[in-house]
Amino acid sequence: MDNMVEHSPKAPSLLRSRFVQTILFSNVLLQIGIWVRNFAILLYVAEKTNNDPYAISLISVAEFAPIFVFSFIGGTFADRWRPKRTMIWCDLLSAVSVFVVLLAIHFGSWESVYLVAFISAILSQFSQPSGMRLFKQHVPEEQLQQGMALFQSLMAVFMVLGPMLGTFAYSTFGLEASIAVMGTAFLLSALVLLRLPADIQEPRSEAVKGQFREEFVEGFRYVWRSPVLRMLGLAFILAGLAVGVAQALNLFVVTERLGREEEFLQYLLMINGAAMLIGGGIVAMYAKRVAPQALLAIGMIVGAVCTVIVGYSTSVPLTLVVQFVNGLVFPCIHIGISTMILKWSHTSIVGRVNGVLNPLFIGMMVVSMSLAGALKDAFSLVSIYSGAGVLFLVGALAMLPIMKHKAPEHAESPSEAQA
């Protein structure tokens, strides 16, 4: 069912939309909980294992591995279930699971910290595509890219504030209090989401209602039939491999290449986040003038160069400057990807398209994160980061065949795509 808003002659400001306001507030709460959790677990595991690279990389595996498995399923169910209700239940269940794991940590072994990221990641695979569906329903077509830039700017704010917030919470209150903050944030997010507009009742034929397997496969067929979504999938695979290994070994860039303490990582992320905030604002201003596939290619090319330099650099000022440049263009990647998924997908299949493409990126991230510890033992950080840069570059080249494709005014429905 196409959104009726997109036919209006002039769309109102995004920030005046009750839907956008509610989603933004919910995301603020979730980002607070996630950043406090991320740094609490990272610093706690590093302290417990004396910076064991395998134990540290396992944090990322625990967070991203379930995404690879559940994204396919979550995207299909997101297209079947009512999105508002799905998001509220996912946040509530996340909050409950966090407090249950908190009890396990208090009375059991410290390894239970991995469960916090693991369970939250599973539930997010049902919530996130539901949010994409709501975005497609309630935001006018011409404002989709601007809307993605707005959310990227919010993420950038927490790239600046999150590391400080997470480090402060852990160093001041400890692990258990930090994880409790996450549970409370998810609970408050569920309450905020009650303000969302009521779910739109989309008619579904009786013949389709029970056919989960057919709908599941339909998502793969839809992506394969679209040359744009197909090439986006290839870029996802290459970018996932590059991002995974670089992200898992960031801590070692700080300690080995720059000779600083682990806590210095927060400053790298803060510089990167400040640049993302500026970059997101720039993209929001010029969103209508640049094709999303061009945005993605630009982000990946600059990301390739910056990744190689980060691996080579032993200079703190140089690394900080490169992190700033990388952050400045990173919104191009996120906004380009999200806009392409929304513009080339029909409302009724957005969840499944997201569920097909997202695991390609996350799955490759998990693979490279899982191998990060072994790669670190076998190769230098310079070699690893150079390889990651090459993968980014090849991903950018994959955009060339679809660079001139223009987004359709109305994306084909699954039935029309098969016709």
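Quick note: the coordinates plus some simple rules give every number you see, no bench work behind them. All of these numbers come straight from a predicted model, not from anything done at the bench. Cβ: placed from backbone, ideal geometry, glycine included. Neighbour counts: every protein chain shown.
The table that follows gives values for the structure above.
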| read-out | value |
| --- | --- |
| Rounded to 10°, Cα long-axis angle of helix 227-248 versus longest principal axis of the chain | 20 |
| For the chain: Kirkwood Rh in Å [reciprocal of mean 1/r, alpha carbons] | 21.8 |
| Helix axis angle, 83-107 relative to the chain longest principal axis, alpha carbon, degrees | 20 |
| Value at 222 nm in deg cm²/dmol, rounded to 500, when DSSP H runs of n ≥ 4 in the chain each add -39,500 (n - 2.57) | -26500 deg cm²/dmol |
| Segment 51-195, relative contact order in percent, only Cα pairs under 8 angstrom and at least six apart counted | 38 |
| Estimated translational D of segment 219-337 in µm²/s (Stokes, Kirkwood radius over Cα pairs; 20 °C; 1.002 mPa s) | 139 |
| For the chain, size of Cβ-based charge dipole, Lys and Arg +1, Asp and Glu -1, in debye | 900 |
| Candidates Pro331, Pro53, Pro359, ranked by Gaussian network fluctuation over the chain, Cα under 10 Å, top entry | Pro53 |
| Relative exposure of Thr255, Thr347, Thr86, judged by other C-beta atoms within 10 Å (fewest first) | Thr255, Thr347, Thr86 |
| Residues Asp199, Asp377, Asp79 arranged by fewest to most Cβ contacts within 10 Å | Asp377, Asp199, Asp79 |
| Value of relative contact order over the chain, rounded to a whole percent, pairs C-alpha under 8 Å and six or more apart | 28 |
| Charge sum, other residues only, whose C-beta stays under 12 Å from Leu251's C-beta, Lys/Arg counted +1 and Asp/Glu -1 | -2 |
| 21 Å Cα cut-off, lysine pairs counted over the chain (separation 8 or more, or different chains) | 14 |
| Cα-based helix-to-principal-axis angle, 175-192 vs the chain, degrees rounded to 10 | 10 |
| Residue among Gln21, Gln323, Gln143 with the largest mean-square fluctuation in a Gaussian network model of the chain, springs linking Cα atoms under 10 Å | Gln21 |
| Residue among Ile67, Ile335, Ile384 with the largest mean-square fluctuation in a Gaussian network model of the chain, springs linking Cα atoms under 10 Å | Ile384 |
